[in-house]
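Working notes, structure below.
Read the figures in this text as sums done on the coordinates, not as results from a lab. Note that the structure is predicted; figures quoted are calculated from it, not measured. Methodologically, a virtual Cβ is constructed for each residue, glycine included, from the backbone with ideal geometry; neighbour enumeration extends over all protein chains shown.
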Amino acid sequence: MNRKDITMDMNSIPGRSDRVKIHLIAAARPNFMKIAPLYHALKNERWADVYIVHTGQHYDINMSDAFFRDLGLPEPDFHLGVGSGTHAEQTGKVMIAYEKILMETSPDMVIVVGDVNSTLACSIATTKISYPSIRNSKFKSKNLNHRPLLAHLEAGLRSFDRSMPEEINRIVTDALSDILWTPSPDADLNLKKEGVPEEKIVRVGNIMIDSLEMLREIIEKQKMARSLGLDPGRYAVVTLHRPSNVDTPRSLGAICEGLEELSGYIQIVFPVHPRTMKNLVSFGLLEKLEENDRIILMEPVNYVRFMSLIFDCRFVLTDSGGIQEETTYLGIPCLTLRPNTERPVTVEQGTNRLTTAEKMVNDARSVLSTDGADFRVPDLWDGHTAGRIVKNIKELSLTL
Ligand code: UD1
């Protein structure tokens, strides 16, 4: 069937059972802006039945519900409610709960995003499920009538640092996936080097830029900095949550010292992740930060308010993966408090620079003394990634 035939068939409305039943898995804060554009794009397709599965890895209102609201996502169709735990507990709980949903609902395709524990857990559950009766696989040239097709969005990223739980999650998820949607050429290359057949790899671009563009007008109207009494361009945003930075008194203490010193040069806004808050309290580091009137500490903020803070800031100091990408797209300097990054394109082409607790103040001063960073937005980071994914699913599907 050629592309034209597919398009023509798309216009006849298939019966519900002929539609492609797709599960979109969401678990933690960085996942929500990755599933939202795809959910909205698939919802418009008459051949697709799309369901949101929330594993419940993040459960606080401002880590989850607020993002669903901002991104126009409905209540999840399935909520696994797994909550926090050790890595094995969390992964195991998601696998057990999601296996039941798979058995009850038999989706044709499962889409996992990013690199959190739930991504790994749902990938394992999906590729090991065996439906009791043979179904017609809806996917061309895939003998998958006993299980759904597994697609990984944001495939191929590698930090080459296996002490990061996310790196393990990325490697295993990619090894299991039938379709690997990548954001950049380095990701394609990593997968090829690992022996992934070329036909499984499809470069689609960066889905988070779709969310940003979808909400740009609302973000621009938000003026979050003003509401905090800050002048645009005259403050830095800090976010921290990586275990390597926040889980020991030594590492978190060194960063807090750096922040104290940095606050002598620029005001700081620091929305504090729950893991980091817990540790600031238990290591006795919170009080000193609270006493500093050049540092504004706040609870994690929703997507629109956070992006508004980013739009207007002078630079960002972070250990997040997604913020490295968003700042590259926006041309805002980013100092990443990590020894490596799985997103090298943000350093090679973008505004990102790796730093340490010891170097961060000097690096920040160098940012402050420079007018605007040289940067190039990577190819396909253009707000149209969801459309490319929908097209790819159409091409893969037999029923359309
Ligand atoms: C997880 C992901 C990480 C991602 C990050 C974004 C893994 C291994 N890690 O890390 O890749 O960058 O999400 O935030 O999957 N907590 C709350 N409320 C919540 C969520 C968490 O209080 O809504 C607390 C809990 O005490 C929990 C701790 O934060 O133990 C850590 O949460 P968890 O999901 O295990 O890991 P993150 O550090 O958020």
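Around His384, what is the net charge, scoring Lys/Arg as +1 and Asp/Glu as -1 over all other residues with Cβ under 12 Å from its Cβ?
So the environment of His384 carries a net charge of -2.
To the nearest 10 degrees, how steep is helix 303-312 against the longest Cα principal axis of the chain, on a 0 to 90 scale?
50
Under 16 Å between alpha carbons, and skipping anything fewer than 8 positions from Lys278 in its own chain: which lysines qualify?
Partners within reach: Lys288.
Which ³J(HN,Hα) values, rounded to whole Hz and listed in residue order, are derived for the stretch 181-189 from phi using the Karplus coefficients 6.51, -1.76 and 1.60 in 6.51 cos²θ - 1.76 cosθ + 1.60 with θ = phi - 60°, glycine and proline given as x?
Those phi angles translate into 8, 10, x, 7, x, 4, 5, 4, 5 Hz.
Calculate the length of the line joining the C-alpha centroid of the stretch 25-53 to that of the stretch 314-377, in whole Å.
First find each Cα centre; the distance between them is then 29 Å.
Using r as the Cβ-Cβ distance of Lys140 and His79, and R0 as 35 Å, what FRET efficiency do you calculate, to the nearest 0.05?
The formula returns an efficiency of 0.60 here.
If you add up the charges near Lys223, with Lys and Arg at +1 and Asp and Glu at -1, over every other residue whose beta carbon is less than 12 angstrom from its beta carbon, what do you get?
0
Mind jotting down a quarter of the surface of the convex hull over the alpha carbons of the stretch 259-350, in square nanometres, one decimal?
Computing the convex hull of the Cα atoms and averaging its projections yields 6.5 nm².
What percent of all Cα-Cα pairs in the stretch 236-293 falls into each 10 Å bin, going from 0 up to the bin containing the maximum distance?
Computed distribution, short to long bins: 23, 63, 14.
Angle between the Cα long axis of helix 249-262 and the longest principal axis of the chain, 0 to 90 degrees, nearest 10?
On a 0 to 90 degree scale, this one is about 60.
Amide H neighbours of Ser397 under 5 Å, at least 5 residues apart or on other chains, H built in the peptide plane: list them.
Excluding prolines and chain starts, which carry no amide H, the hits are Lys140.
Between 0 and 90 degrees, rounded to the nearest ten: what's the tilt of helix 29-43 against the longest Cα principal axis of the chain?
Between helix and principal axis, roughly 40 degrees.
At 25 °C and a viscosity of 0.890 mPa s, what translational diffusion coefficient does Stokes-Einstein give for the chain, taking Rh as the Kirkwood radius over Cα pairs? Give it in µm²/s as a whole number.
Value of D from the Cα-based Kirkwood radius: 112 µm²/s.
Ranking His273, His146 by Cβ neighbours within 10 Å, fewest first, what do you get?
Exposure proxy ranking, most exposed first: His146, His273.
Based on the alpha-carbon gyration tensor of the stretch 96-200 and its eigenvalue square roots a ≥ b ≥ c, which shape applies: rounded if a/c is under 1.5, prolate if not and a/b is larger than b/c, or oblate?
Oblate, since a/c reaches 1.5 and b/c is not below a/b.
Using mean Cβ contacts within 10 Å as the protection proxy, how do 128-135, 214-221, 57-64 order, highest first?
Top of the packing list down: 57-64, 214-221, 128-135.
Starting with the fewest neighbours, write out Met224, Met208, Met277 ranked by other beta-carbon atoms found within 10 Å of each beta-carbon.
Sorted ascending by nearby Cβ count, the order is Met277, Met224, Met208.
Suppose each label sits 7 Å from its Cα in the direction of the beta carbon; what would the Val281-Val377 distance come out to in nanometres?
4.1
Roughly speaking, what is the stretch gain from His87 to Lys43, that is 0.36 nm per residue apart minus the C-alpha to C-alpha distance, in nm to one decimal?
In short, 12.5 nm is gained.
Please state the shape class of the stretch 99-142: rounded when a/c is under 1.5, otherwise prolate if a/b exceeds b/c and oblate if not, all from the C-alpha gyration tensor.
oblate
Connecting C-alpha atoms closer than 10 Å in a GNM of the chain, tell me which of Gly205, Gly284, Gly331 has the biggest fluctuation.
Its mean-square fluctuation being the largest, the pick is Gly284.
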